[in-house]
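In what follows, a structure is listed as C-alpha cells, so that the remarks can point back to it.
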Amino acid sequence: MIIMSLVIAVAALWSLGGGTAPAAPPPAPAATQAPSAIDAATQTAATAAARDWLALIDGGQWQESWQQAGILFRSQITSDRWTRQVQPVREPLGAVVSRELVQTNAADSLPGAPAGDYVVLQFRSDFADMQDTIETVTLARGDSGWAVIGYFIRAA
C-alpha cells in the first residue's frame, strides 16, 4: 500500500527532521489512556476548528494555516518550513471532493505532550487526484478555543 504522510505537530509528539516529509509515517497520535467520551458541544467546536483549518490547507494558504495553528505547532516549526513540508504533499492531491468525519477521540494527555484537553479527529477524504485517504487532525484547547497542533494524511 502506498502511504503518503505529512506530520506536523509538537516535536514531543513526533520528531521532525530535515526539510521534507518523513519517508515513513510515525504512528498517529494515541492517547496515553483509553479515549474518553466527548460531549456534543466539544465535538462540534473541535470539528468546526479542524474544518476551518483544513479549508486553509485546501486553498493552498500555507502561511495562514501556520498562523491559525496552535502555539505548540508554531513553536516547533517555522512558517517557511511548514510550507516546504505541506505544499509538496498536499498540492498533488488536487481539490477536495468529499471529507467525512469518521472518528473522534478526546484525551487529557498525549505521548510527550503536557496535560491538557485534546481531540483527535479522523476524516475519510477524497481528492480529485487521490481517493480514499485518512486525514488525522489533532487539536488542543487553548485560551481562544480549539487549535490544530498536528496533521497527518495517508492513503486508507
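The numbers here are math on the coordinates, done by the rules we state, and not lab data. Given the structure is predicted, the values throughout are model-derived calculations rather than measurements. Glycine gets a Cβ as well: all are built from the backbone with ideal geometry, and neighbour counts include every protein chain shown.
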(request) Quickly work out the ALA37-to-ALA128 label distance, labels modelled 7 Å from Cα along the C-beta direction, and quote it in nm with one decimal. (result) 4.4 nm
(request) Count charges around PHE152 for me, please; just the other residues with Cβ under 15 Å from its Cβ, Lys/Arg as +1, Asp/Glu as -1. (result) +3
(request) Before anything else, pin down the relative contact order of segment 87-156: Cα pairs under 8 Å, at least 6 apart, normalised by residue count, whole percent. (result) 26 percent
(request) Please label the shape of segment 40-155 as rounded, prolate or oblate, based on the square roots a ≥ b ≥ c of the eigenvalues of the alpha-carbon gyration tensor (a/c under 1.5 means rounded; beyond that, a/b larger than b/c means prolate, else oblate). (result) oblate
